[in-house]
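*Asks:* Structure incoming, see below.
The values are calculated or read from the model by the stated rules, or taken from the named source; none is laboratory data. Keep in mind that what you see is a predicted model, and the values were worked out from it rather than measured. Here the Cβ positions follow ideal geometry from the backbone for every residue, glycine too, while neighbour counts run over all protein chains shown.
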Amino acid sequence: QVQLVESGGGLVQAGGSLRLSCAASGRTFNMYRMAWFRQAPGKEREFVATISASGSITNYAVSMKGRFTISRDNAKNTLYLQMNSLKPEDTAVYYCAAGTRNNYYSDSGYDYWGQGTQVTVSS
């Protein structure tokens, strides 16, 4: 089992940057594909980015590609999301997730979720 705790959210002006972290418990972090999802008020949770267990393969939602960078440090059991050029529409609760299935773009591809961290981008 994996427990996930996000941090690093906050209030930032449009055009600014934030770095989210997700600390994982347990010794099996490096066995899991990891991902970031987000959920804005009144909207469904959406895929942001994913990274393979080894960290060698990443995939992004189209609207985030080029602005967001997902990475992981398996020695520290930590997942990161560097967010640059933030826009008001990036305002959401950001969740990290761990899983082993191939449908990486869907909620159903992940078994473990963090509690979320709020990101608010002001215009």
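*Asks:* Return the total of residues in the stretch 17-51 being closer than 14 Å to Tyr105 by Cα and over 13 Å from the mean Cα position of the chain (by Cα).
*Replies:* Number of matching residues: 1.
*Asks:* Additional query: Considering only residues that are modelled with pLDDT of 95 or more, touching a Phe, Trp or Tyr at 6+ places or on another chain (Cβ under 7 Å) and buried (at least 20 other Cβ atoms within 10 Å of the Cβ), which ones fall in the stretch 1-24?
*Replies:* Answer for the stretch 1-24, where residues must be modelled with pLDDT of 95 or more, touching a Phe, Trp or Tyr at 6+ places or on another chain (Cβ under 7 Å) and buried (at least 20 other Cβ atoms within 10 Å of the Cβ): Leu4, Glu6, Leu20.
*Asks:* Only one residue in Val93, Val121 is more than 14 Å from the chain's Cα centre (by Cα) and either surrounded by fewer than 15 Cβ atoms within 10 Å (Cβ to Cβ) or outside any loop (DSSP other than H, G, I, E, B) (or both). Which one?
*Replies:* The unique qualifying residue is Val121.
*Asks:* Given the criteria among the hydroxyl-bearing types (Ser, Thr, Tyr), part of a loop (DSSP other than H, G, I, E, B), touching a strand residue (DSSP E or B) at 6+ places or on another chain (Cβ under 8 Å) and touching a residue at least 60 places away in the same chain (Cβ under 8 Å), does Tyr104 qualify?
*Replies:* Here the answer is yes, as Tyr104 does meet what is asked.
*Asks:* Oh, and also: Within the stretch 45-70, take every residue that is within 16 Å of Cys22 (Cβ to Cβ), out of contact with any Gly (no Cβ under 9 Å at 6 or more places or on another chain) and of a type in the set (Ser, Thr, Tyr) and give me the one that is surrounded by the most Cβ atoms within 10 Å (Cβ to Cβ).
*Replies:* Here the residue is Thr69.
*Asks:* Which count do you get for residues in the stretch 71-90 that are in a loop (DSSP other than H, G, I, E, B) and under 12 Å from Cys22 (Cα atoms)?
*Replies:* Result for the stretch 71-90: 3.
*Asks:* Another question, if that's okay. Quick check on the stretch 30-50. Is at least one of its residues more than 16 Å from Tyr95 (Cβ to Cβ) and hydroxyl-bearing (Ser, Thr, Tyr)?
*Replies:* no
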